[in-house]
1. Out of A:L275, A:L306, A:L283, report the one residue that is within 24 Å of A:V56 (Cβ to Cβ) and surrounded by fewer than 24 Cβ atoms within 10 Å (Cβ to Cβ).
2. A:R42 is checked against (1) of a type in the set (D, E, K, R); (2) under 28 Å from B:R55 (Cβ atoms); (3) surrounded by 24 or more Cβ atoms within 10 Å (Cβ to Cβ) and fails just one. What number does that condition carry?
3. Name the single residue, out of those in segment A:68-118 being more than 14 Å from chain B (Cβ to nearest Cβ) and of a type in the set (K, R), that is surrounded by the fewest Cβ atoms within 10 Å (Cβ to Cβ).
4. Across segment A:309-322, which residue is surrounded by the most Cβ atoms within 10 Å (Cβ to Cβ) among those that are aliphatic (A, V, I, L, M) and part of a loop (DSSP other than H, G, I, E, B)?
5. Just name the residue that is nearest to A:L8 (Cα to Cα) out of those in segment A:181-228 that are of a type in the set (V, I, T) and touching a Leu at 6+ places or on another chain (Cβ under 7 Å).
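The values are calculated or read from the model by the stated rules, or taken from the named source; none is laboratory data. Since the structure is predicted, the reported quantities are computational estimates derived from the model, not experimental observations. Here the Cβ positions follow ideal geometry from the backbone for every residue, glycine too, while neighbour counts run over all protein chains shown.
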Amino acid sequence: MKTKRELLTILIAGLVIGIIAAGLVIAGNPENMGFCIACFIRDTAGALGVHRAEAVQYIRPEIIGLILGALILALVRKEYAPRGGSSPMTRFVLGFFVMIGCLMFLGCPFRMILRLAGGDWNAIFGLIGFILGILAGVFFLNRGYSLKRTYQHTRLEGAVMPAIQIVLLVLLVAAPSFIFFTEPGVGPGAKHAAIAISLAAGLIVGALAQRTRLCMVGGIRDAVLFREWKLLCGFVAIFAAALVVNAIVGNFHPGFAGQPVAHTDGLWNLLGMLLVGFGSVLLGGCPLRQLVLTGEGNTDSAVTVLGLFMGAAFAHNFSMASSGEGPTFNGKVGVAVGLAVVLVIAIVNTRKKEN
Amino acid sequence: MIDARGLSCPEPVIRIKKAMASKEKEYEMMVDNQTALENVTRFAQHNGYEVEYTREGADYRLRLYQS
């Protein structure tokens, strides 16, 4: 009967997360972007000046909240367990290219769901690619793919990344002149809910995701691997709740053209999310899950988040990120290189016989 | 004994899934995190095994058996 309770918990959590995500748009976030782990890490990288794309610079409190919310609940539930050492540099590279894939599609798997819930049918191509990427990852998992084991770390080591989040929060509130903020009207970076609302939303969703192990990649992966539907139910609940709220407040605009922060190139939407799905399975979780694990003290996930951060900076510095006008040539090269690198990582870390 | 300590999900579940191909009545397994404990337990229960576990320091020792 424990399973039934778990299912109910994740359904309720999914509904709450979906409502919060749609609510953040009402509170000021860009459309169909209540949450986007990739976009928000990218915006934060921009605010710190690691890239200089003026349209996307803002320290997003949602990211800070997600990590700290997961940390707080993990401490309460005695699940804060600092660990790491499972191929951190490989994870950095995977995180880097997952971000390249996200910025080709213009969203992480979480935003893909929110885009679908807003009627952005371009995300259907993303979803198809995402599923194909997960299947590719599952193929290697079944054949013994592993980034090897983690080891215990000190409590302090696990707390470094959460501590950095507090520094970012201070920088956001203090807003010194060396932090870049997108000017109103210049781009999505200027659209954001009030700091307290964004932070609270992040804290709540981080705690819920920690409690339920919610993961966009894990949902489809576990359904394929083990016929285990729990995580996928969370995914569907987020979609359903966001869809209902969007429909009620008039934020549901079905179609392909003119969707907010999106482009209509189906092939590259598909290939971008293929890279995200494949890379995320090899990492063991989607970008949201990496933030939550970071809060639980997992330094491998913290390194992955740094990979995402650096991927975002490169994507904008080297014109690899798509825009509403479509993908760029550099972006296509980046995704192609990413798919090749991820494939090589999958092959070289797959052993028939473990140990 | 399947030692899945240090491995993060889904790897511990894949290990037990592969081991269960031999259809033994009982398996013993070690994991070191709560998520792996929950996921292995759920998978075993779905496949007709009962699960008991004890804590050993930071690790969990699971006994999966068919009654």
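1. Selected residue: A:L306, the only one of A:L275, A:L306, A:L283 that is within 24 Å of A:V56 (Cβ to Cβ) and surrounded by fewer than 24 Cβ atoms within 10 Å (Cβ to Cβ).
2. (2)
3. Selected residue: A:R115.
4. Here the answer is A:A321.
5. Filtering segment A:181-228 for residues that are of a type in the set (V, I, T) and touching a Leu at 6+ places or on another chain (Cβ under 7 Å), the one nearest to A:L8 (Cα to Cα) comes out as A:V205.
One line per residue, one yes/no per condition, for (1) out of contact with any Phe, Trp or Tyr (no Cβ under 7 Å at 6 or more places or on another chain); (2) surrounded by fewer than 16 Cβ atoms within 10 Å (Cβ to Cβ); (3) at pLDDT 95 or above; (4) over 18 Å from A:V303 (Cβ atoms):
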site	(1), (2), (3), (4)
A:T150	yes, no, yes, no
A:V160	yes, yes, yes, no
A:L168	yes, no, yes, no
A:A174	yes, yes, yes, yes
A:F181	no, no, yes, yes
